1. Give me the tail of P(r) for the range 92-148 as a percent: Cα-Cα pairs with distance above 16 Å.
2. Jot down the radius of gyration and Dmax of the range 54-171, Cα atoms only, both in angstrom.
3. So how do 106-116, 170-180, 43-53, 85-95 stack up, highest first, on mean other-Cβ count within 10 Å?
4. What per residue convex hull volume, in Å³, comes out for the range 20-68 when only alpha-carbon positions are used?
5. Multiply the residue separation of Ile112 and Phe63 by 0.36 nm, subtract the distance between their alpha-carbon atoms, and state the gained length in nm to one decimal.
6. Here are some pairs, Lys79/Lys173; Lys75/Lys125; Lys60/Lys95; Lys60/Lys131; Lys111/Lys173; which of them have Cα atoms lying more than 21 Å apart in this structure?
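Laboratory data are not the source of any read-out in this text; all were calculated from the coordinates shown. This is a predicted model, so every value here is computed, not measured. Reconstructed Cβ throughout: ideal geometry from the backbone, glycine too, with neighbour counts over all protein chains shown.
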Amino acid sequence: MLTLTTLSLQSYFQPPTEQEHEVLFQQHYHGPIHQGMVESLLQLIEESAGLRVLPLPFRKRLFLVVIEGLQNAVKYGHKESSQHPVVGFKIEIRKNGEARVCFANYVAEEKIEVFNHHILALKAKSADGLKQLYILRSREKVISRDTKPSAELGLIEITRCASSLRHHFLPAKNAQWFEMEVIVR
């Protein structure tokens with residue numbers, strides 16, 4: 001079985017090409033995550049001088065992906081043996097004008113099939129289809145005042161911002177280890 005200490009976020013995702021390898025900014029974190037840590041990570045990223053020179057639309061898409069990915073891990077990540085879920089997170093801003101954001105966390109075994117189906121369905125939708133789905137799900141949530149946990153809106157937003165999105169699941173003790181790579185351009 002895999003554990004956080006032996007698993008690298010690079011375990012599945014292809015290494016960067018020589019051209020992509022030049023990184024302007026890099027931030028990574030492995031360990032327990034809670035709301036305060038999300039805010040601290042976002043502040044570190046936001047205060048980076050290298051990011052302030054990037055175009056505002058790009059920064060908005062990037063921050064939306066980071067916020068939604070980390071929030072999903074905090075709210076819906078499987079808690080292995082502590083009061084907080086464990087997350088792996090890495091962000092790279094490359095000189096070629098793209099960002100690579102990787103998220104990893106444990107997901108409860110019983111949620112894998114539905115979660116995987118949902119991500120695959122989102123990846124198959126057009127940009128307009130994703131926009132319409134987001135509007136529909138937002139309205140449904142407001143009308144029903146549903147308090148049941150659901151990463152659906154966050155995943156829709158991540159997919160809308162991504163120029164490329166890959167994911168997979170790996171067996172782990174008492175859960176599945178979920179990894180997602182999002183490329184933002």
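1. Values: 1088 of 1596 pairs.
Taking all Cα-Cα pairs of the range 92-148, the fraction more than 16 Å apart is 68 percent.
2. In order Rg, Dmax, the Cα atoms of the range 54-171 give 14.9, 45 Å.
3. Working: 106-116: 15.1, 170-180: 18.3, 43-53: 12.3, 85-95: 20.9.
Order by mean packing, descending: 85-95, 170-180, 106-116, 43-53.
4. Normalising the Cα hull of the range 20-68 by residue number yields 91 Å³.
5. 15.0 nm
6. Values: Lys79/Lys173 12 Å; Lys75/Lys125 25 Å; Lys60/Lys95 18 Å; Lys60/Lys131 16 Å; Lys111/Lys173 15 Å.
From Lys79/Lys173; Lys75/Lys125; Lys60/Lys95; Lys60/Lys131; Lys111/Lys173, over 21 Å: Lys75/Lys125.
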